[in-house]
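Following: one structure in structure tokens, then a few remarks.
The values are calculated or read from the model by the stated rules, or taken from the named source; none is laboratory data. Since the model is a prediction, treat every value here as computed from it, not as a measurement. So basically every Cβ, Gly included, is an ideal-geometry build from the backbone, and we count neighbours across all protein chains shown. Side chains included, ligands, DNA and RNA excluded: accessible areas come from the protein's heavy atoms. Shrake-Rupley method; radii C 1.70, N 1.55, O 1.52, S 1.80 Å.
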Amino acid sequence: MKRIIIFDTTLRDGEQSPGASLDVHSKIEIARQLVRLGVDVIEAGFPIASKGDFNAVHKVAGVIKGASICALARSIKADIEACAEAVKSARRPRIHIFLATSKIHMQYKLKKAESEILKLASWAVGYGRNFCDDVEFSPEDASRSDRDFLCKVVEAVIKAGAKTVNIPDTVGYAMPIEFGSLIKDIKTRVPNINKAIISVHCHNDLGLGVSNSLSAIENGAEQIECTINGIGERAGNASLEELVMALDTRKDIFKAVTSINKKEIYKTSRLVSKLTGIVVQPNKAIEGQNAFSHESGIHQDGMLKKSSTYEIMKPQDVGFGGTRLVLGKHSGRHAFNDRLRKLGFELDDKELLKAFERFKSLADKKKEIFDEDLLAIVDDGIVSIPETYRLEDLNIISGNKVTPKAMIGLKKGSKLLKKSSSGDGPVDACYKAIDAITGLKFKLLDYSLKSITGGKDALGEVTVRIKSNKDEVSGRGTSTDIIEASAKAYMNAVNKLIFNRSRKASL
Ligand code: KIV
Ligand code: ZN
């Protein structure tokens with residue numbers, strides 16, 4: 001297995017996304033997370049661009065220890081000096097110098113001849129080496145540069161001391177086959193190429209940033225430059241998470257590893273999205289909200305039988321909560337019944353048929369069907385849960401200076417059973433007293449309270465989800481008294497669980 005160096009440029013090229021400006025605190029927070037993610041190099045900014053960016057790079061270099069800290073400079077004395085000053089306190093500093101080599105950039109932007117560019121590139125790298133051992137050089141717009149000239153520049157900058165030569169597809173113009181063969185060509189034609197690491201930096205103007213980077217790896221690239229969520233100038237850069245997961249999922253092809261801790265991927269994506277304000281599109285590979293969601297009945301059925309039918313990665317591997325089977329009009333009976341079971345309802349065939357018909361007619365009107373909708377469907381006359389235990393008495397002592405205490409009376413048949421208990425709050429005390437009466441032990445997974453009418457005498461609705469061994473059920477209760485609503489919801493769930501167990505035993 002070859003080792004691919006991950007160069008993250010979220011804080012530099014990523015910050016060049018229109019509208020995404022990161023202050024120094026945000027840059028440090030992201031850089032810390034990038035270290036937890038395990039990137040090798042963090043490009044922290046472009047120090048000459050502003051005082052603020054200089055300070056941000058300087059701060060990142062001073063406090064971040066787990067990765068090389070790099071910054072960008074044009075082939076200009078003042079840029080290189082600012083860059084060197086900003087990264088100098090890093091444990092492993094790197095200066096990244098660039099100069100365009102394509103005809104179009106040389107003629108219209110730089111107004112310089114090839115011979116001048118060749119000289120300037122060598123000079124800039126040599127000048128950078130006065131400050132730092134680790135200098136990277138990028139011939140900007142390499143993929144549109146004349147091949148012979150590009151090879152000459154690469155050879156010259158390595159001779160001048162560049163340790164890494166980065167080949168950018170600056171405007172996202174290259175096709176994967178073409179970009180792969182460019183890397184191969186450089187590797188075969190540049191005589192001193194073995195003295196440097198060959199890197200790639202691919203933009204996404206035609207949506208090919210990741211494909212071009214992978215093609216470069218197949219042809220000998222050893223470092224990839226990428227960003228979290230694929231943010232960056234215009235349509236963005238190759239996405240780090242897509243590259244890493246492609247290499248990992250298709251090890252059979254690439255035979256390459258990275259230092260990335262995959263479980264940190266989702267967390268990093270959320271953080272970058274929050275701090276840059278750039279939302280991740282729902283269908284984005286790896287970390288979009290729909291990346292591990294399934295709606296069609298055929299897919300949901302397959303997923304319930306074996307997840308590898310429709311998932312090539314496990315969501316947990318990238319730190320994502322889990323697979324989501326979205327109930328909607330395309331869902332089938334298998335997924336519907338599975339969700340009902342999770343909510344604690346074991347329906348017989350007739351009940352299931354009736355409930356499924358109601359579900360389908362609701363799904364025609366509503367895009368996504370939530371658990372509360374399912375509860376309403378089955379609660380509405382499909383199954384009636386016998387009240388094994390009925391709440392009869394409820395007395396609470398609570399206040400800011402007393403330990404909350406609950407005295408509960410439950411009716412079981414004609415018997416009145418009473419217990420009292422203290423707890424961390426009145427609801428906790430109440431649930432403990434109920435457990436003491438039923439002799440059953442539950443784990444409270446979820447508790448939510450909402451008001452369903454307005455005003456001082458509003459009706460409160462409590463929904464709870466409880467678990468005992470493998471059984472999970474939810475219950476609902478309403479009252480103008482929220483403690484009573486809480487007790488009723490708990491009793492509803494307890495009775496449901498007792499009912500399901502007795503039905504399962506008799507099936
Ligand atoms: O896209 C590009 O060419 C760049 C260089 C500065 C590496 O961002
Ligand atoms: Zn770029």
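Okay, here's what the table says:
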| read-out | value |
| --- | --- |
| Residue under evaluation Val165, criteria (1) more than 16 Å from ligand 2 (Cβ to nearest atom); (2) part of a strand (DSSP E or B), criterion not met | (1) |
| Qualifying residues in the stretch 184-212 (those that are part of a helix (DSSP H, G or I) and crowded, with 20+ Cβ neighbours inside 10 Å) - the one farthest from ligand 2 (Cβ to nearest atom) | Ile186 |
| Strands (runs of 3 or more DSSP E) wholly inside the stretch 422-507 that include at least 3 residues being touching a Leu at 6+ places or on another chain (Cβ under 7 Å) | 460-468, 471-479 |
| Residue in the stretch 456-470 that is more than 23 Å from Ser384 (Cα to Cα) and at pLDDT 85 or above present | no |
| Residue in the stretch 473-481 that is open to solvent by less than 60 Å² (accessible area, probe 1.4 Å) and farther than 30 Å from Glu357 by Cβ present | yes |
| Subset of the stretch 384-397 that is out of contact with any Lys or Arg (no Cβ under 8 Å at 6 or more places or on another chain) and free of Cβ contacts under 8 Å to residues at least 40 places away in the same chain - its residue that is surrounded by the most Cβ atoms within 10 Å (Cβ to Cβ) | Asn395 |
| Residue satisfying condition, being surrounded by fewer than 24 Cβ atoms within 10 Å (Cβ to Cβ) and within 16 Å of ligand 2 (Cβ to nearest atom), within set Asp40, Asp13, Asp23 | Asp13 |
| Options Ile224, Ile197: the member that is within 16 Å of ligand 1 (Cβ to nearest atom) and over 26 Å from Glu287 (Cβ atoms) | Ile197 |
| Meets criteria (in contact with a Cys (Cβ under 9 Å, 6 or more places away or on another chain), of a type in the set (D, E, K, R) and open to solvent by 10 Å² or more (accessible area, probe 1.4 Å)) for Arg144 | no |
| Residue check, Glu178 crowded, with 18+ Cβ neighbours inside 10 Å, among the acidic types (Asp, Glu) and in the same structural domain as Ile80 (by TED's automatic domain parsing) | no |
| Any helices (runs of 4 or more DSSP H) falling wholly within the stretch 236-355 and containing at least 1 residues that are within 30 Å of Cys226 (Cα to Cα), open to solvent by less than 30 Å² (accessible area, probe 1.4 Å) and free of Cβ contacts under 8 Å to residues at least 40 places away in the same chain | 240-249 |
| Residue among Lys119, Lys152, Lys111 that alone is open to solvent by 20 Å² or more (accessible area, probe 1.4 Å) and in contact (Cβ under 8 Å) with a residue 12 or more places away in the chain | Lys152 |
| Flag if Phe345 is in contact with a helix residue (DSSP H, G or I) (Cβ under 8 Å, 6 or more places away or on another chain), modelled with pLDDT of 95 or more and of a type in the set (Phe, Trp, Tyr) | no |
